[in-house]
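The values are calculated or read from the model by the stated rules, or taken from the named source; none is laboratory data. Since this is a predicted model, take the numbers as computed values, not measurements. Positions of Cβ are backbone-derived with ideal geometry, glycine not excepted, and every protein chain shown enters the neighbour counts. Note: areas computed on protein heavy atoms with side chains; ligands, DNA, RNA excluded. Shrake-Rupley method; radii C 1.70, N 1.55, O 1.52, S 1.80 Å.
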Protein chains: 2
Amino acid sequence: MDRKELLEKKPMIKLHEKLFLCPTSAAMELIGGKWKSVILIHLIDGKKRYNELRKELPMITERTLSLQLKQLEKDDLVVRKVFTKTPPLKVEYSLTDFGRSLIPVLEAITDWGIFAAEKKGAFIFEE
Amino acid sequence: MDRKELLEKKPMIKLHEKLFLCPTSAAMELIGGKWKSVILIHLIDGKKRYNELRKELPMITERTLSLQLKQLEKDDLVVRKVFTKTPPLKVEYSLTDFGRSLIPVLEAITDWGIFAAEKKGAFIFEE
DNA sequence: CCGTATCCAGCAAGATACTG
DNA sequence: CAGTATCTTGCTGGATACGG
C-alpha cells in the first residue's frame, strides 16, 4: 500500500497514549523537540558513551540529555548497554535498526537546513 | 560545498535571534512544534482559506492556528493574501517557493511516519 | 562514571469570549 | 469571514546539588 492510498483512508496513529491524525505529526512526536534529532545525528557514526555525548553536546544539561535518551530508548530508536555493575559505570548508547531507518530522514532535514541557512544568510562561520 | 565539507567547519546558524549549532536543529526550529508540519502538509495541494484549514484541522484551536500561520509567514514558508478590505474577509494561505522546497522533506518524514506506525502496529483504521 | 532529585522559569497550546 | 483578547494549564527544559 503506497502513501497516497494509505493516507486516503485517513488512519489515526496511537503513540504515547495520544492520537495523531497524520503520520507526519506522529513522526514529529518521535523525533521532534529541541534535542532528539541532534542526539540521533550524533549517534549516526556509532555508539557513544554518556560522557562522550555530553562533551559533544555541551549545551544540553545532564538532566535533559538523560530524559531525552530515555525517551529515545522507550521509543526503540536508541539502545542503552551497561558494561559494568559497580561504579565507575560504563554505558554505551547506539541506534537500533529502527533508529537507523531514520538516517535518510535526518539527512534530508539536515540538507534542507543547510539549504535554508544558505538561502537566508543565517550561517555564522568562526575563524 | 557539499554537506560533509560544510559540516566540518561547524558553522552556527542564527534564527529568531537564537543560535543553533547544527542545521538539523535549525530546520527543526522552522518546521518543528506540534502543528507546523501538519499545516504545511495541508498546503501542499494548493492555497487554502483560513476556514478551510480550520475545517481540515478541527483539533487545532483558532488561536493556535493563527499563531502558527503567523510564524510560518514570518519564516517565509507561507504567504497570506488578503482579497477584501471589508468583512467578510477573504484570505488565502499558500506555500512560498521556499516553502515548496520543503515538500520532499515533509514527504520523507511522512513516509517514515507510515513505516514506523506499521512497524509498531500503531495504526487505527475506522470503518 | 553515570546519572537522579529537586526546584523553577518560560513558552506552547487549550478554552472561551469577543471584534473589524 | 478571519481573526484577536484574556486567562489558564501543562510540558519542556534549565540550574544546581546529590547518589550508586
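Between identical copies, the spacing of B:D76 label points, each set 7 Å from Cα toward the C-beta atom, reads 4.1 nm from nearest to farthest.
The GluC sites (Glu not before Pro) of the range B:10-111 that DSSP puts in a loop, and whose beta carbon has at most 16 other beta carbons within 10 Å, are B:E17.
Distances from A:E107 to itself in the other copies, using label points 7 Å out along the Cα-Cβ axis, amount to 1.8 nm in increasing order. Counting only protein heavy atoms and rolling a 1.4 Å probe, how much accessible area do B and A lose on contact, total for both sides, in Å² to 100? So the total buried area for this chain pair works out to about 4600 Å².
For A:T86 and A:F123, the difference between the fully extended length at 0.36 nm per residue and the C-alpha to C-alpha distance is 8.8 nm. Along chain B, the exposed loop sites are trypsin sites (Lys or Arg not before Pro) outside DSSP states H, G, I, E and B with at most 16 other Cβ atoms within 10 Å, and the longest stretch free of them is B:48-84.
Across the copies of the chain, B:R54 has label points (7 Å from Cα along Cα→Cβ) spaced 5.1 nm apart, shortest distance listed first. In straight-distance terms, cross-link reach from B:K120 covers every one of the lysines whose alpha-carbon lies under 17 Å from its own, apart from those fewer than eight places away in the same chain; here that gives A:K14, A:K18, A:K74.
Between B:T61 and B:K47, full extension at 0.36 nm per residue minus the direct alpha carbon distance yields a gain of 3.0 nm.
The residues of the range A:32-108 have, on average, 57 Å² of accessible surface per residue, using a 1.4 Å probe with all protein chains present. Legend: calculated FRET efficiency, A:H16 to B:E8, from the Cβ-Cβ distance at R0 = 41 Å, rounded to 0.05, equals 0.65.
Across chain A, the longest run free of exposed loop sites, meaning chymotrypsin sites (Phe, Trp or Tyr not before Pro) lying outside DSSP classes H, G, I, E and B with no more than 10 other Cβ atoms within 10 Å, spans A:1-82. For the residue pairs A:K36/B:K9; A:K55/B:K36; A:K9/B:K36; A:K70/B:K9; A:K55/A:K85; A:K9/A:K70, alpha carbon separations beyond 28 Å are given by A:K55/B:K36; A:K70/B:K9; A:K9/A:K70.
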